[in-house]
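The values are calculated or read from the model by the stated rules, or taken from the named source; none is laboratory data. Not measured: the values here are computed from a predicted model. Note that each Cβ is placed from the backbone with ideal geometry, even for glycine, and that neighbours are counted across all protein chains shown. Areas reflect the complete protein model, heavy atoms only, side chains present, ligands, DNA and RNA absent. Shrake-Rupley method; radii C 1.70, N 1.55, O 1.52, S 1.80 Å.
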Amino acid sequence: MTIDNKTIINRLKRTEGQIRGIQKMIDEEKECMDVITQLSAVRSSIDRVMGMIVAENLKNCLEHPENSPEEQAKRMEQAINMIIKK
């Protein structure tokens, strides 16, 4: 993977902090909509990280194709399925 791992780790640490904040909001019995807003932000953050990783996988498939066209197609299909699986 050629994505800067530090970038991904930083995004995940930020998301981890958001989750801790949500736990605190729930303990403090904050408004439902505020909690949902923060949960939505966490989901978006995770989706972004997943997208970055899958995009890198697709890029790698294109830059370093398999010798077998069937195997290459299989790798590409797996990457695409990871995106649309949600």
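What accessible area per residue comes out for the chain, rounded to a whole number of Å², with a 1.4 Å probe?
Solvent-accessible surface per residue comes out at 78 Å².
Using θ = phi - 60° and the Karplus relation 6.51 cos²θ - 1.76 cosθ + 1.60, list the HN-Hα couplings for region 63-78 in order, rounded to whole Hz, with x at every Gly or Pro.
7, 10, x, 6, 5, 8, x, 5, 5, 4, 4, 5, 4, 5, 4, 4
For percent of Cα pairs over 19 Å apart, pick the label among (1) 30; (2) 54; (3) 37 that corresponds to the value derived from the coordinates.
The value computed from this structure is option (2).
Tell me which residues come under 5 Å, amide H to amide H, from LYS30 once H is placed; ignore anything under 5 positions away on its chain.
Under 5 Å from the amide H of LYS30: no residue qualifies.
For the chain, the longest stretch holding no GluC sites (Glu not before Pro) located in a DSSP loop with at most 12 other Cβ atoms within 10 Å is which? Numbers along the way, then the final one.
On the way: sites that count: GLU28, GLU29, GLU31.
Between exposed loop sites, the widest span is 32-86.
Percent of accessible area on the chain owned by carbon and sulfur, 1.4 Å probe? Before the final figure, lay out each step's value.
Numbers: 3690 of 6720 Å².
With neighbouring chains kept in place, the figure for the chain is 55 percent.
Excluding same-chain pairs closer than 8 in sequence, count the lysine pairs in the chain whose Cα atoms lie under 24 Å apart.
Number of lysine pairs found: 9.
Quick query: amide H of GLU66 versus all other amide H atoms, modeled in the peptide plane; which residues come in under 5 Å with a sequence gap of 5 or more or a different chain?
Under 5 Å from the amide H of GLU66 lie the amide H atoms of GLN72, each far enough along the sequence or on another chain.
Which loop-located trypsin sites (Lys or Arg not before Pro) does region 9-74 contain, where loop means any DSSP state but H, G, I, E or B and the Cβ has at most 15 other Cβ atoms within 10 Å?
In loop regions of region 9-74 (DSSP not H, G, I, E or B), the sparsely surrounded trypsin sites (Lys or Arg not before Pro) are LYS30.
In percent, how large is the relative contact order of the chain, given Cα pairs closer than 8 Å and 6 or more residues apart? Can you show the working numbers first?
Working: 38 pairs, mean separation 28.6, N = 86.
That works out to 33 percent.
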